[in-house]
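Participant: My questions all concern the structure below.
No value in this document is a laboratory result; all are computed from the given coordinates. Note that the structure is a prediction, hence the values are computed from the model and not measured. Here the Cβ is made from the backbone with ideal geometry for all residues, glycine too, and neighbour counts use every protein chain on show.
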Amino acid sequence: MSLQAEFERVADDVKKVKSRPSDQELLDMYGLYKQAIFGDINIDKPGMLDMKGKAKWEAWDSRKVEAGGVRSVCLRIATRAQVRTED
């Protein structure tokens, strides 16, 4: 299976998790996914009152140095989080 196909499979599997990942795991996966799909962050940082938006922005922004290898990192984090799907 190619890395692209495996990435897409894991990205779909994450949507079917049996138990909710921790907030940090969700932010890690969000940042990695956005970096893998869109590349470096291209939006302004949300205001200080938008806590959720700011956390997501920072998760994505923290991944910009991982360009090129972000799909493999995403697979490792998903595996580490033991993302399980329903059969």
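Participant: How many nm separate the modelled label positions at Lys52 and Arg9, each set 7 Å beyond the Cα in the direction of the Cβ?
Facilitator: Each label point lies 7 Å from its Cα, and together they span 3.2 nm.
Participant: Using a 10 Å cut-off around each Cβ, can you sort Met51, Met29 from fewest to most neighbouring Cβ atoms? List each step's numbers first, then the result.
Facilitator: Working: Met51 10, Met29 20.
Least crowded to most crowded, the residues run Met51, Met29.
Participant: Answer rounded, prolate or oblate for region 1-50, using the Cα gyration tensor with square roots of eigenvalues a ≥ b ≥ c: rounded when a/c is under 1.5, else prolate when a/b is larger than b/c, else oblate.
Facilitator: oblate
Participant: For Met51, what charge total do you get from the other residues with a beta carbon under 13 Å from its beta carbon, if Lys and Arg give +1 and Asp and Glu give -1?
Facilitator: Overall, the nearby charge balance is +1.
Participant: Taking amide H atoms as placed 1.01 Å from N in the peptide plane, list the residues 5 or more away in sequence, or in a different chain, whose amide H sits under 5 Å from that of Val17.
Facilitator: Distant-sequence amide H within range of Val17: zero hits.
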